[in-house]
Amino acid sequence: RIIKQIILNLLSNAIKFTPSGGAINFTAVLTRAGGTEIVVEDTGIGIPPDQVERVMEPFHQVEGTMQRSYHGSGLGLHLVKSQVALLGGTLAIESTLGQGTRIIIRFPPENTVKTGKIVQMDPRL
């Protein structure tokens, strides 16, 4: 249930901050080490370099035009960060202003369910 909420929040942000005609990609793979990597990337507006860490703070929204143009509580990424930590994972944000954002979540093997059908395993990871 928590993983579902994490993915929902990340995809909602990607949709909100990607203009019409942009692209959003979602991948979830088992790594060679047996962990899980989830990546959500978009070709949206991006995050200014000095704001990348701050967007994970509660109620923080990037100032200026973005704040006036995009509505929300500023809790989405903070909740994602907290939920990922609760499950023993890590969260990283890579973003270029005007080009898009890539969010990478990694869970260790001990916090990865290995039963059921595995659709794809990326040999590079």
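Any read-out appearing in this document is the output of simple, stated calculations on the displayed coordinates, not a laboratory observation. It should be emphasised that the depicted structure is a prediction, and the values quoted were computed from it without experimental measurement. FYI the Cβ positions are ideal-geometry reconstructions off the backbone, even for glycines, and counts take in every protein chain you see.
Under a crude label model (7 Å from the Cα following the beta-carbon direction), how far is E94 from F26 in nanometres?
Using points 7 Å along Cα→Cβ, the separation is 2.1 nm.
Provide the per-residue ³J(HN,Hα) series for segment 91-105, in order, calculated from phi with Karplus coefficients 6.51, -1.76, 1.60 and θ = phi - 60°, each as a whole number of Hz, with x at glycine and proline positions.
10, 10, 10, 10, 8, 10, 4, x, 10, x, 9, 10, 10, 10, 10
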